[in-house]
Every structure is written in structure tokens, then in C-alpha cells.
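Report on the following structure.
The values are calculated or read from the model by the stated rules, or taken from the named source; none is laboratory data. What you see is a predicted model; the values in this text were computed from it and never measured. Note that each Cβ is placed from the backbone with ideal geometry, even for glycine, and that neighbours are counted across all protein chains shown. The protein model used for the area step is the full one, side chains on, heavy atoms only, and it has no ligands, DNA or RNA in it. Shrake-Rupley method; radii C 1.70, N 1.55, O 1.52, S 1.80 Å.
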Amino acid sequence: QVQLVESGGDLVQPGGSLGLSCAASGIRFSASTMGWYRQAPGKQRELVCTITDGGTTDCADSVKGRFTIARDDAKNTVSLQMNSLKPEDTAVYYCTARYFMNVYWGQGTQVTVSS
């Protein structure tokens, strides 16, 4: 059974930083493309960042230069470091894993950027 468990969501002030983590189990983590998506109230879910099994990263233009995705294959974890946070970054953040044609999702963690 695949499990993706996110942690680290919190309330943070604009301009602040926050780190999210996702622990994966039940998958071939080192062979999976990992990613973070987010969904704000009333909006569609959108891609934030992805990292391939080879370590290639890609992030949405809206977060480039502010967010960094990283993976630790020894610990089966993927992280998202978010800096210079803006109110528009407020959303539920979801961890994803893609292995061949299978895509798995975590339950999400709430990030709120507000003063």
C-alpha cells in the first residue's frame, strides 16, 4: 500500500520561510518522480515543483527562485523549501509520486501566508 504523508504546513507571515516534507512508503521511491502540487480555495490544483529519479527539477514560474524541491532516496523523503512567501502561496500542498503510469497523492498539508 502506497502512503505519502506530508508535514510542515503552518501559518507564516508574508516574506517568511517554511519547509514541507513528504515521507513515502510502499513504492520504489528511488525510481519515482516526486512532486508537489497545491490547491487554493476556489482554484484548480496546480503544479508547484517536480524532481525526477535522476534529480532533475522543474518548478512553476510563479515559484521559481523562491521554492526548492529536493529528495533523499536513503530516507524516502521529498522536501519543499519555500522562501519569500506571498499571500498567494496560501493553499493545501500535496505530495505526489509517479512510477510508470501510476500516480499517487498524499492527503495534503495547509500552508497559510498571512499577517
Exercise for the section: Report whether or not GLY16 is more than 14 Å from GLN110 (Cβ to Cβ), of a type outside the set (Val, Ile, Thr) and surrounded by fewer than 16 Cβ atoms within 10 Å (Cβ to Cβ). Expected result: yes
Exercise for the section: Would you check if there is a residue in the range 35-48 being open to solvent by less than 40 Å² (accessible area, probe 1.4 Å), modelled with pLDDT of 95 or more and among the hydroxyl-bearing types (Ser, Thr, Tyr)? Expected result: no
Handout entry: the range 53-109: number of residues that are open to solvent by 70 Å² or more (accessible area, probe 1.4 Å), polar (S, T, N, Q) and closer than 14 Å to PHE29 by Cβ
Key = 1
Exercise for the section: Could you tell me which of the residues SER25, SER7, SER17 is modelled with pLDDT of 95 or more, among the polar types (S, T, N, Q) and farther than 27 Å from SER114 by Cβ? Expected result: SER25
